[in-house]
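Report on the structure given below.
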Amino acid sequence: MLQVNVLRNNPQWAKEKLAVKHFKQPELVDTIIALDDERKKTQAAFDSIQSKINSASKEIGNLMKQGKKEEAESLKNDVAAYKLQVTDFNDSLLNIEKQLHDTLVQLPNLPADIVPVGKTPEENVVVKEGGVKPNLSANAKPHWDLIKEYDLVDFELGSKITGSGFPLYKGKGARLQRAMIEYFLNFNTAAGYTEYIPPFMVNEASAYGTGQLPDKEGQMYHVTEDGFYLIPTAEVPVTNIYRDTILKEDELPIKMTAYSPCFRREAGSFGKDVRGLNRVHQFEKIEIIQIVEPQKSYDVLEEMVAHVEALLNTLQLPYRVLRLCGGDMGFASALTYDFEVYSAAQQRWLEVSSVSNFEGFQTNRLKCRYKSNEGKTQLTHSLNGSSLALPRIYAALLENNQTENGINIPKALQPYFGAEKI
RNA sequence: GGUGAGGUGGAUGAGUGGCUGAAAUCAACGGUUUGCUAAACCGUCGUACGUCCUUAAAGAUGUACCGAGGGUUCGAAUCCCUCCCUCACCGCCA
């Protein structure tokens, strides 16, 4: 959620930024400012009458003590009249605040200056490529075939137990999964991130805090009986640790990493993209999250990008880094870098990480602030990224490292996997 | 799931209708003292939204907030209702 003051200070600029995100209703900026003016006026009116009520009530108390009953009674009548007015103002104040809020949450975050203009994924800008694409033989197999051949993941049984998109990992397939989880977590904690294992379901307030509600409600599994949502990413529970918090400057930066399964309904997606592990309803991911001082957030973003890149390098996978264009960015993000690995048999780039700076968009909603050493309280900035999402790494590892006599495990994973090849 | 006790500022904890946005203690911060540390002493020490003043900061002032929401009352942290959470015991159970 944007801060009203940001819009107020420069409405024209805000509209231009919204256009980069292909936001259809720039006029909402004006609506918000008007509503905010109205809010201030109404609050002033409310406050002044409430103030009269408060002082009259005090006076009544004094009069009663002195035994001046009649005067007290007449004051009570005054208060009754004020109360009618104050109720009106209060109702309209609540109404205006709700309108203001409902409008404000419709606005996406404003993109940073370097965000490329563009609408579709094709217009994202490749800022870096790394690693070496393998030379596979002509009969190289996509991961869904390899998975069958080596008996690593059973999709049919997953469907039997739950439904499609809930893979069942098995034997060495399960071991590889566990190896990656442990390796990634170690890599992250070695860089100073504190490890968390969060709850895998969250309440409504948390889903709201990180912005999944209200707009992405349909993407989450909802446990209606208890009002909980299965988390689509560890970002949700972990970032909410700092909901309604005022940190001290010395406590920053907060660096957290968390493993969690992620549950996504992926309503409406189908086709070749969903084959094998490319897109599933339950997958494993290790997330990194930072909460930092505003003036440092873009440096931290670079740091996080470098961190993910370093991790990918140790896996010896060919990758590229994209700066997302305005039209492809997430709602809450000011700047996003996507990491894609090249899955050599499918001959496709697969997204395995998305690292974003949300600036104050998320923390404004979460009310996560910090008090500077000078004593000023202001919003923190939040950032997060995957480090890393497993299924597509899994797919790329299998495809890229396949040989006539087995699948090679990258050196970095071998101690965790317990063998050099499958 | 049942029964009981609770939820007050960073922490502990007082407060059963007006003098309480909230005692006291601790922590924290600033200062005095000190060779350094400690102790002692003095001071500061909630958040949000307004208004005034100001270039701004600071300051002054109003309103709201004592788990959440509603109610009673001229007036609610305090009384009533609903919900949430925590703790203890019982039941069930990995």
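Quick notes on this structure:
- Among A:Asn9, A:Pro167, A:Ala45 the positive-end extreme of the charge dipole of chain A (Cβ point charges): A:Pro167
- Size of electric dipole in segment A:1-92: Cβ of Lys, Arg +1 and of Asp, Glu -1, about Cα centre, debye, nearest 20: 300 debye
- What the Kirkwood sum gives for segment A:195-306 is a hydrodynamic radius of 15.5 Å, with every pair of different alpha carbons counted.
- Selection from A:Val305, A:Ala395, A:Thr363, by position along the positive dipole direction of segment A:288-422 (Cβ): A:Thr363
- Of all beta bridges that DSSP places with both ends in chain A, some 90 percent have antiparallel geometry.
- Order of A:His101, A:His307 under a 10 Å beta carbon neighbour criterion, fewest first: A:His101, A:His307
- Principal semi-axes in Å for segment A:98-187 [√(5λ), Cα gyration tensor, largest first]: 38, 25, 16
- Within straight-line reach of A:Lys172, meaning a Cα separation under 20 Å, sit the following aspartates and glutamates at least 8 residues removed in sequence or on another chain: A:Asp145, A:Glu149, A:Asp151, A:Asp154, A:Glu156, A:Glu182, A:Glu284, A:Glu399, A:Glu404, A:Glu420.
- Working note: Debye formula, equal point scatterers on the alpha-carbon atoms of segment A:296-403, no solvent; log10 I(q)/I(0) at q = 0.12, 0.16 Å⁻¹ is -0.49, -0.75.
- Listed residue (A:Ser353, A:Ser333, A:Ala419) projecting farthest to the positive dipole end of segment A:333-422, Cβ model: A:Ser333
- Segment A:4-104: Cα Rg divided by the 2.2 N^0.38 Å rule of thumb: 1.66
- At 1.306 mPa s and 10 °C, Stokes diffusion of chain A via Kirkwood alpha-carbon radius, µm² per second: 65 µm²/s
- Kirkwood Rh in Å, taken over all unlike Cα pairs in segment A:141-262: 16.9 Å
- Stokes-Einstein translational diffusion, segment A:223-266 - Kirkwood Rh over all Cα pairs, 1.567 mPa s, 4 °C, in µm²/s: 103 µm²/s
- Computed about the Cα centre, the dipole magnitude for chain A is approximately 300 debye when only Lys and Arg (+1) and Asp and Glu (-1) carry charge, each at its Cβ.
- Each of the peptides A:284-295, A:396-407 was scored by the mean count of other Cβ atoms within 10 Å over its residues; in descending order, highest first, they stand as A:284-295, A:396-407.
- The ranking of A:His381, A:His281, A:His222 by Cβ neighbour count inside 10 Å, starting from the fewest, reads A:His222, A:His281, A:His381.
- Relative contact order (%) - criterion: Cα under 8 Å, at least six apart; region: segment A:5-80: 20 percent
- For chain A, the relative contact order is 19 percent, taking Cα pairs closer than 8 Å that sit 6 or more residues apart in sequence and dividing their mean separation by the residue count.
- For segment A:4-104, lysine pairs separated by 8 or more sequence positions, or belonging to different chains, with Cα-Cα distances below 21 Å total 19.
Laboratory data are not the source of any read-out in this text; all were calculated from the coordinates shown. Since this is a predicted model, take the numbers as computed values, not measurements. Don't worry about glycine lacking a Cβ; one is built from the backbone with ideal geometry, like all the others, and counts go over all protein chains shown.
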